[in-house]
1. Could you tell me whether residue 314 is farther than 24 Å from residue 95 by Cβ and assigned to a helix (DSSP H, G or I)?
2. Look at residue 94 and say whether it is within 21 Å of the chain's Cα centre (by Cα), outside any helix (DSSP H, G or I) and either surrounded by 14 or more Cβ atoms within 10 Å (Cβ to Cβ) or in contact (Cβ under 8 Å) with a residue 60 or more places away in the chain (or both).
3. Any idea how many residues of region 308-332 are farther than 25 Å from residue 366 by Cα and surrounded by 16 or more Cβ atoms within 10 Å (Cβ to Cβ)?
4. In region 231-275, what residues are closer than 30 Å to residue 211 by Cα, in contact with a helix residue (DSSP H, G or I) (Cβ under 7 Å, 6 or more places away or on another chain) and in a loop (DSSP other than H, G, I, E, B)?
5. More than 23 Å from residue 200 (Cα to Cα) and at pLDDT 85 or above: is that true of residue 175 in this structure?
6. List every residue pair whose Cβ atoms lie under 6 Å apart, where the two residues are 6 or more positions apart in sequence or sit on different chains, the first residue falls within region 243-265 and is on the phi > 0 side of the Ramachandran plot and buried (at least 17 other Cβ atoms within 10 Å of the Cβ), and the second residue, located anywhere, is in a helix (DSSP H, G or I) and modelled with pLDDT of 95 or more.
7. What is the number of the single condition among (1) exposed (fewer than 14 other Cβ atoms within 10 Å of the Cβ); (2) in a strand (DSSP E or B) that residue 33 does not meet?
8. Of all residues in region 350-382, how many are touching a strand residue (DSSP E or B) at 6+ places or on another chain (Cβ under 9 Å) and in a helix (DSSP H, G or I)?
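The values are calculated or read from the model by the stated rules, or taken from the named source; none is laboratory data. The shown structure was predicted, so the numbers you read here are calculated from the model rather than taken from an experiment. Every residue, glycine as well, gets a Cβ built from its backbone with ideal geometry; the counts of neighbours run over all protein chains shown.
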(Lines give C-alpha, C1' and ligand atoms only; values in the text may rest on other atoms or scores of the structure.)
Protein backbone atom coordinates (compact mmCIF):
# COMPACT_ATOMS: atom_id res chain seq x y z
CA UNK A 1 0.00 0.00 0.00
CA UNK A 2 1.57 3.25 -1.05
CA UNK A 3 0.65 6.88 -1.42
CA UNK A 4 0.36 7.98 -5.01
CA UNK A 5 -0.81 11.30 -6.35
CA UNK A 6 -0.83 10.15 -9.94
CA UNK A 7 -1.81 12.74 -12.52
CA UNK A 8 -4.48 14.69 -10.66
CA UNK A 9 -5.10 16.96 -13.63
CA UNK A 10 -6.32 14.02 -15.67
CA UNK A 11 -8.05 12.35 -12.72
CA UNK A 12 -10.34 15.30 -12.17
CA UNK A 13 -11.19 15.50 -15.86
CA UNK A 14 -11.99 11.85 -16.54
CA UNK A 15 -14.68 9.68 -15.03
CA UNK A 16 -14.86 6.76 -17.47
CA UNK A 17 -14.95 3.51 -15.45
CA UNK A 18 -13.07 0.50 -16.80
CA UNK A 19 -13.40 -2.15 -14.11
CA UNK A 20 -15.84 -5.06 -14.21
CA UNK A 21 -15.42 -5.85 -10.50
CA UNK A 22 -16.92 -4.24 -7.39
CA UNK A 23 -14.66 -1.70 -5.73
CA UNK A 24 -14.90 0.52 -2.67
CA UNK A 25 -14.44 4.17 -1.77
CA UNK A 26 -13.96 4.68 1.98
CA UNK A 27 -14.04 8.18 3.45
CA UNK A 28 -12.93 8.47 7.08
CA UNK A 29 -14.17 11.82 8.34
CA UNK A 30 -13.96 13.56 11.69
CA UNK A 31 -17.39 12.35 12.86
CA UNK A 32 -18.30 9.44 10.58
CA UNK A 33 -17.13 6.89 8.03
CA UNK A 34 -18.83 6.71 4.64
CA UNK A 35 -18.49 3.86 2.17
CA UNK A 36 -19.61 3.34 -1.42
CA UNK A 37 -19.39 0.15 -3.49
CA UNK A 38 -19.46 0.61 -7.27
CA UNK A 39 -19.28 -1.79 -10.18
CA UNK A 40 -18.67 -0.93 -13.82
CA UNK A 41 -21.13 -2.21 -16.38
CA UNK A 42 -21.02 -1.20 -20.06
CA UNK A 43 -18.86 1.80 -19.17
CA UNK A 44 -21.26 2.99 -16.46
CA UNK A 45 -20.52 3.15 -12.73
CA UNK A 46 -23.30 1.16 -11.06
CA UNK A 47 -24.06 1.87 -7.40
CA UNK A 48 -24.32 -1.43 -5.56
CA UNK A 49 -24.50 -0.24 -1.95
CA UNK A 50 -23.50 2.59 0.35
CA UNK A 51 -23.58 3.44 4.03
CA UNK A 52 -22.46 5.72 6.84
CA UNK A 53 -21.63 5.09 10.48
CA UNK A 54 -21.05 7.69 13.20
CA UNK A 55 -17.72 7.53 15.01
CA UNK A 56 -18.87 9.34 18.15
CA UNK A 57 -20.21 6.23 19.95
CA UNK A 58 -16.87 4.44 19.36
CA UNK A 59 -15.25 7.18 21.47
CA UNK A 60 -18.06 7.42 24.02
CA UNK A 61 -19.35 10.60 22.39
CA UNK A 62 -22.74 11.50 20.84
CA UNK A 63 -23.56 11.00 17.17
CA UNK A 64 -22.29 14.00 15.20
CA UNK A 65 -19.35 14.71 17.50
CA UNK A 66 -15.82 14.76 16.09
CA UNK A 67 -13.59 12.16 17.74
CA UNK A 68 -10.00 11.00 17.50
CA UNK A 69 -9.90 7.20 17.58
CA UNK A 70 -7.05 4.71 17.45
CA UNK A 71 -6.55 2.99 14.08
CA UNK A 72 -7.86 -0.22 15.64
CA UNK A 73 -11.05 1.46 16.90
CA UNK A 74 -11.64 3.11 13.52
CA UNK A 75 -11.13 -0.28 11.87
CA UNK A 76 -13.83 -1.66 14.16
CA UNK A 77 -16.24 1.02 12.94
CA UNK A 78 -15.35 0.28 9.30
CA UNK A 79 -15.94 -3.44 9.86
CA UNK A 80 -19.33 -2.75 11.45
CA UNK A 81 -20.29 -0.43 8.58
CA UNK A 82 -19.33 -2.97 5.91
CA UNK A 83 -21.52 -5.55 7.65
CA UNK A 84 -24.49 -3.17 7.97
CA UNK A 85 -24.21 -1.97 4.36
CA UNK A 86 -23.85 -5.52 2.98
CA UNK A 87 -20.47 -4.71 1.44
CA UNK A 88 -19.13 -7.65 -0.55
CA UNK A 89 -15.85 -6.23 -1.84
CA UNK A 90 -12.75 -5.80 0.29
CA UNK A 91 -10.71 -3.81 -2.24
CA UNK A 92 -10.76 -0.06 -2.63
CA UNK A 93 -9.31 3.39 -2.04
CA UNK A 94 -9.03 5.23 1.27
CA UNK A 95 -9.17 8.99 1.84
CA UNK A 96 -6.48 10.96 3.66
CA UNK A 97 -7.74 14.06 5.53
CA UNK A 98 -6.85 17.42 4.06
CA UNK A 99 -5.75 18.58 7.52
CA UNK A 100 -3.05 15.89 7.51
CA UNK A 101 -1.56 16.93 4.19
CA UNK A 102 0.06 19.80 2.34
CA UNK A 103 -1.13 20.98 -1.07
CA UNK A 104 0.70 23.79 -2.83
CA UNK A 105 1.64 25.22 -6.23
CA UNK A 106 5.36 26.00 -6.57
CA UNK A 107 6.82 28.54 -8.97
CA UNK A 108 10.09 26.97 -10.19
CA UNK A 109 12.72 27.56 -12.88
CA UNK A 110 12.12 26.11 -16.31
CA UNK A 111 14.43 23.10 -15.96
CA UNK A 112 14.16 19.46 -17.01
CA UNK A 113 12.50 16.76 -14.90
CA UNK A 114 15.74 15.34 -13.54
CA UNK A 115 16.71 18.73 -12.13
CA UNK A 116 13.20 19.16 -10.72
CA UNK A 117 13.64 15.91 -8.77
CA UNK A 118 16.45 17.62 -6.88
CA UNK A 119 14.82 21.07 -6.63
CA UNK A 120 11.33 20.08 -5.44
CA UNK A 121 12.39 18.52 -2.08
CA UNK A 122 14.53 21.59 -1.37
CA UNK A 123 11.67 23.99 -2.16
CA UNK A 124 9.24 21.82 -0.20
CA UNK A 125 11.19 22.54 3.00
CA UNK A 126 9.88 26.10 2.89
CA UNK A 127 6.31 24.84 3.28
CA UNK A 128 6.65 21.70 5.41
CA UNK A 129 7.12 22.21 9.18
CA UNK A 130 8.87 18.83 9.62
CA UNK A 131 11.95 17.28 7.96
CA UNK A 132 11.27 16.23 4.35
CA UNK A 133 12.46 12.73 5.27
CA UNK A 134 9.36 12.38 7.47
CA UNK A 135 6.85 12.91 4.65
CA UNK A 136 5.86 11.28 1.38
CA UNK A 137 6.16 13.78 -1.45
CA UNK A 138 4.57 13.70 -4.88
CA UNK A 139 4.39 16.33 -7.57
CA UNK A 140 3.78 17.01 -11.24
CA UNK A 141 4.29 19.88 -13.67
CA UNK A 142 1.11 21.85 -14.31
CA UNK A 143 0.48 21.93 -18.08
CA UNK A 144 0.43 25.40 -19.59
CA UNK A 145 -2.48 26.38 -21.78
CA UNK A 146 -1.29 27.68 -25.14
CA UNK A 147 -1.25 31.45 -25.21
CA UNK A 148 -2.09 31.74 -21.53
CA UNK A 149 0.06 33.33 -18.87
CA UNK A 150 0.89 31.58 -15.65
CA UNK A 151 -1.34 32.43 -12.73
CA UNK A 152 1.74 33.92 -11.11
CA UNK A 153 2.05 36.38 -14.02
CA UNK A 154 -1.43 37.73 -13.35
CA UNK A 155 -0.88 39.09 -9.86
CA UNK A 156 -2.24 42.58 -9.53
CA UNK A 157 0.18 43.86 -6.90
CA UNK A 158 2.13 47.05 -7.61
CA UNK A 159 5.23 44.93 -8.13
CA UNK A 160 3.86 41.71 -9.62
CA UNK A 161 5.81 38.52 -9.13
CA UNK A 162 6.85 37.05 -12.46
CA UNK A 163 6.83 33.33 -12.98
CA UNK A 164 10.31 31.88 -13.26
CA UNK A 165 9.28 29.33 -15.81
CA UNK A 166 6.93 26.60 -14.71
CA UNK A 167 4.45 25.70 -12.02
CA UNK A 168 4.69 22.46 -10.07
CA UNK A 169 1.81 20.99 -8.09
CA UNK A 170 3.12 19.59 -4.80
CA UNK A 171 1.47 17.35 -2.20
CA UNK A 172 2.94 15.91 0.98
CA UNK A 173 1.60 13.51 3.62
CA UNK A 174 3.29 12.68 6.91
CA UNK A 175 4.61 9.11 6.98
CA UNK A 176 3.19 8.53 10.47
CA UNK A 177 -0.31 9.31 9.19
CA UNK A 178 0.12 6.92 6.27
CA UNK A 179 1.26 4.22 8.67
CA UNK A 180 -1.85 4.74 10.82
CA UNK A 181 -4.10 4.35 7.79
CA UNK A 182 -2.23 1.25 6.65
CA UNK A 183 -2.76 -0.25 10.11
CA UNK A 184 -6.42 0.71 9.96
CA UNK A 185 -6.91 -0.94 6.57
CA UNK A 186 -5.06 -4.10 7.54
CA UNK A 187 -7.06 -4.45 10.76
CA UNK A 188 -10.32 -4.07 8.82
CA UNK A 189 -9.21 -6.71 6.31
CA UNK A 190 -9.07 -4.26 3.41
CA UNK A 191 -6.84 -4.35 0.36
CA UNK A 192 -6.15 -0.67 -0.33
CA UNK A 193 -5.14 0.09 -3.93
CA UNK A 194 -4.28 3.70 -3.13
CA UNK A 195 -4.58 6.48 -0.57
CA UNK A 196 -5.81 9.85 -1.82
CA UNK A 197 -6.13 13.24 -0.17
CA UNK A 198 -9.85 13.84 0.25
CA UNK A 199 -9.83 17.05 -1.77
CA UNK A 200 -9.08 15.23 -5.04
CA UNK A 201 -11.72 12.56 -4.44
CA UNK A 202 -14.36 15.22 -3.79
CA UNK A 203 -13.42 17.18 -6.90
CA UNK A 204 -13.69 14.07 -9.08
CA UNK A 205 -17.30 13.48 -8.11
CA UNK A 206 -18.49 17.06 -7.52
CA UNK A 207 -17.22 18.96 -10.57
CA UNK A 208 -17.81 18.80 -14.31
CA UNK A 209 -15.38 19.55 -17.13
CA UNK A 210 -15.43 23.35 -17.10
CA UNK A 211 -12.22 25.39 -17.24
CA UNK A 212 -13.43 28.50 -15.40
CA UNK A 213 -12.34 28.84 -11.75
CA UNK A 214 -14.75 27.26 -9.25
CA UNK A 215 -14.78 27.43 -5.46
CA UNK A 216 -15.61 24.14 -3.76
CA UNK A 217 -16.78 24.55 -0.16
CA UNK A 218 -16.65 21.32 1.87
CA UNK A 219 -18.80 21.72 4.98
CA UNK A 220 -17.52 19.11 7.41
CA UNK A 221 -18.23 18.34 11.05
CA UNK A 222 -15.25 20.13 12.61
CA UNK A 223 -13.90 22.20 9.71
CA UNK A 224 -14.94 23.90 6.49
CA UNK A 225 -12.49 23.42 3.62
CA UNK A 226 -12.36 25.68 0.58
CA UNK A 227 -10.62 24.89 -2.70
CA UNK A 228 -10.45 27.05 -5.81
CA UNK A 229 -10.03 24.84 -8.86
CA UNK A 230 -9.14 26.03 -12.35
CA UNK A 231 -8.65 23.74 -15.35
CA UNK A 232 -8.68 20.79 -12.98
CA UNK A 233 -5.84 22.23 -10.86
CA UNK A 234 -6.23 23.25 -7.22
CA UNK A 235 -5.02 26.85 -7.14
CA UNK A 236 -5.90 27.81 -3.59
CA UNK A 237 -6.84 26.01 -0.38
CA UNK A 238 -8.24 27.46 2.83
CA UNK A 239 -9.25 25.80 6.09
CA UNK A 240 -11.75 27.25 8.58
CA UNK A 241 -12.20 25.66 12.00
CA UNK A 242 -15.98 25.98 11.93
CA UNK A 243 -18.36 23.21 10.87
CA UNK A 244 -21.51 21.25 11.56
CA UNK A 245 -20.51 20.36 15.10
CA UNK A 246 -20.28 24.05 15.99
CA UNK A 247 -23.82 24.59 14.71
CA UNK A 248 -25.07 21.74 16.91
CA UNK A 249 -23.23 23.01 19.99
CA UNK A 250 -24.60 26.54 19.54
CA UNK A 251 -28.11 25.17 19.03
CA UNK A 252 -27.81 23.01 22.16
CA UNK A 253 -26.71 25.98 24.27
CA UNK A 254 -29.36 28.31 22.86
CA UNK A 255 -32.32 25.96 23.38
CA UNK A 256 -30.82 24.26 26.47
CA UNK A 257 -30.97 20.85 24.75
CA UNK A 258 -28.52 18.00 24.95
CA UNK A 259 -26.20 17.48 21.98
CA UNK A 260 -28.16 14.47 20.65
CA UNK A 261 -31.43 16.40 20.37
CA UNK A 262 -29.74 19.44 18.83
CA UNK A 263 -28.03 17.23 16.23
CA UNK A 264 -31.30 15.50 15.36
CA UNK A 265 -33.22 18.78 14.98
CA UNK A 266 -30.42 20.29 12.90
CA UNK A 267 -30.44 17.36 10.49
CA UNK A 268 -34.21 17.04 10.25
CA UNK A 269 -35.34 20.65 9.88
CA UNK A 270 -32.25 22.81 9.52
CA UNK A 271 -33.19 26.35 8.47
CA UNK A 272 -36.80 25.42 7.62
CA UNK A 273 -39.56 26.29 10.08
CA UNK A 274 -41.41 23.35 11.64
CA UNK A 275 -44.96 23.18 13.01
CA UNK A 276 -43.53 21.07 15.86
CA UNK A 277 -42.11 24.27 17.37
CA UNK A 278 -43.52 27.67 18.28
CA UNK A 279 -42.70 30.77 16.26
CA UNK A 280 -40.22 31.82 18.93
CA UNK A 281 -38.52 28.39 18.97
CA UNK A 282 -38.29 28.33 15.17
CA UNK A 283 -36.64 31.75 15.22
CA UNK A 284 -34.19 30.72 17.96
CA UNK A 285 -33.28 27.50 16.11
CA UNK A 286 -32.63 29.36 12.89
CA UNK A 287 -30.65 32.11 14.63
CA UNK A 288 -28.46 29.54 16.40
CA UNK A 289 -27.63 27.70 13.19
CA UNK A 290 -27.04 30.91 11.25
CA UNK A 291 -24.52 32.17 13.81
CA UNK A 292 -22.06 29.61 12.45
CA UNK A 293 -23.19 29.66 8.83
CA UNK A 294 -22.94 33.45 8.62
CA UNK A 295 -19.30 33.31 9.74
CA UNK A 296 -18.56 30.50 7.28
CA UNK A 297 -20.12 32.26 4.30
CA UNK A 298 -18.47 35.54 5.25
CA UNK A 299 -15.13 33.73 4.98
CA UNK A 300 -16.20 32.17 1.66
CA UNK A 301 -16.94 35.64 0.26
CA UNK A 302 -13.57 36.86 1.54
CA UNK A 303 -11.80 34.02 -0.29
CA UNK A 304 -13.75 34.80 -3.48
CA UNK A 305 -12.80 38.48 -3.28
CA UNK A 306 -9.17 37.79 -2.37
CA UNK A 307 -8.65 35.36 -5.26
CA UNK A 308 -10.32 37.74 -7.71
CA UNK A 309 -8.10 40.63 -6.65
CA UNK A 310 -4.90 38.58 -6.57
CA UNK A 311 -5.29 36.83 -9.91
CA UNK A 312 -7.63 39.26 -11.66
CA UNK A 313 -10.13 36.45 -12.24
CA UNK A 314 -13.77 36.26 -11.25
CA UNK A 315 -14.83 33.09 -9.46
CA UNK A 316 -18.52 33.08 -10.33
CA UNK A 317 -19.44 29.55 -9.29
CA UNK A 318 -19.52 27.90 -5.85
CA UNK A 319 -20.19 24.18 -5.27
CA UNK A 320 -21.20 23.12 -1.76
CA UNK A 321 -20.25 19.63 -0.65
CA UNK A 322 -19.65 17.68 2.57
CA UNK A 323 -22.25 16.49 5.07
CA UNK A 324 -23.16 20.04 6.08
CA UNK A 325 -24.32 20.79 2.52
CA UNK A 326 -27.32 18.52 3.16
CA UNK A 327 -28.68 20.91 5.82
CA UNK A 328 -32.35 21.62 4.93
CA UNK A 329 -32.76 25.16 3.65
CA UNK A 330 -29.04 25.72 3.11
CA UNK A 331 -29.21 26.18 -0.67
CA UNK A 332 -31.58 29.16 -0.44
CA UNK A 333 -29.50 30.81 2.29
CA UNK A 334 -26.28 30.27 0.34
CA UNK A 335 -27.71 31.79 -2.84
CA UNK A 336 -28.75 34.88 -0.89
CA UNK A 337 -25.43 35.31 0.91
CA UNK A 338 -22.69 34.29 -1.52
CA UNK A 339 -21.38 36.51 -4.29
CA UNK A 340 -21.55 33.72 -6.88
CA UNK A 341 -23.80 31.14 -8.48
CA UNK A 342 -24.34 28.27 -6.01
CA UNK A 343 -24.88 24.54 -6.60
CA UNK A 344 -25.14 21.62 -4.20
CA UNK A 345 -22.88 18.73 -5.22
CA UNK A 346 -24.62 15.62 -6.59
CA UNK A 347 -21.87 12.95 -6.68
CA UNK A 348 -24.30 10.06 -7.13
CA UNK A 349 -25.24 11.72 -10.43
CA UNK A 350 -22.11 10.01 -11.80
CA UNK A 351 -23.56 6.60 -10.96
CA UNK A 352 -26.47 4.46 -12.09
CA UNK A 353 -28.92 3.63 -9.30
CA UNK A 354 -32.59 2.61 -8.98
CA UNK A 355 -34.94 5.48 -9.81
CA UNK A 356 -36.71 5.26 -6.44
CA UNK A 357 -33.42 6.18 -4.72
CA UNK A 358 -32.88 9.36 -6.74
CA UNK A 359 -34.36 11.73 -4.15
CA UNK A 360 -32.54 10.13 -1.22
CA UNK A 361 -29.21 10.03 -3.04
CA UNK A 362 -29.46 13.67 -4.06
CA UNK A 363 -30.26 14.64 -0.47
CA UNK A 364 -27.38 12.73 1.15
CA UNK A 365 -25.06 13.01 -1.83
CA UNK A 366 -22.90 15.98 -0.73
CA UNK A 367 -21.65 13.98 2.25
CA UNK A 368 -20.61 11.10 -0.01
CA UNK A 369 -18.56 13.18 -2.47
CA UNK A 370 -15.24 11.81 -1.22
CA UNK A 371 -16.28 8.15 -1.07
CA UNK A 372 -17.90 8.29 -4.53
CA UNK A 373 -14.82 10.03 -5.94
CA UNK A 374 -12.55 7.35 -4.49
CA UNK A 375 -14.65 4.56 -5.96
CA UNK A 376 -14.75 6.24 -9.38
CA UNK A 377 -10.96 6.47 -9.45
CA UNK A 378 -10.82 2.83 -8.39
CA UNK A 379 -12.98 1.72 -11.30
CA UNK A 380 -10.99 3.66 -13.86
CA UNK A 381 -7.59 2.37 -12.74
CA UNK A 382 -8.44 -1.26 -12.12
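1. On the way: farther than 24 Å from residue 95 by Cβ: yes; assigned to a helix (DSSP H, G or I): no.
No.
2. Numbers: within 21 Å of the chain's Cα centre (by Cα): yes; outside any helix (DSSP H, G or I): yes; either surrounded by 14 or more Cβ atoms within 10 Å (Cβ to Cβ) or in contact (Cβ under 8 Å) with a residue 60 or more places away in the chain (or both): yes.
Taking the combined requirement at face value, the residue satisfies it.
3. Of the residues in region 308-332, the ones farther than 25 Å from residue 366 by Cα are 308-313.
Now narrow it down to the ones that are surrounded by 16 or more Cβ atoms within 10 Å (Cβ to Cβ): 308, 311, 313.
Here the count works out to 3.
4. 232, 242, 243, listed by residue number.
5. Taking the combined requirement at face value, the residue does not satisfy it.
6. As it stands, the answer is none, since no pair meets every condition given.
7. All conditions are met except number (1).
8. Our first condition is that a residue be touching a strand residue (DSSP E or B) at 6+ places or on another chain (Cβ under 9 Å); within region 350-382, this holds for 350-354, 357, 361-362, 364-382.
Among the residues that remain, those that are also in a helix (DSSP H, G or I) are: 350, 357, 361-362, 364-381.
Final tally of qualifying residues: 22.
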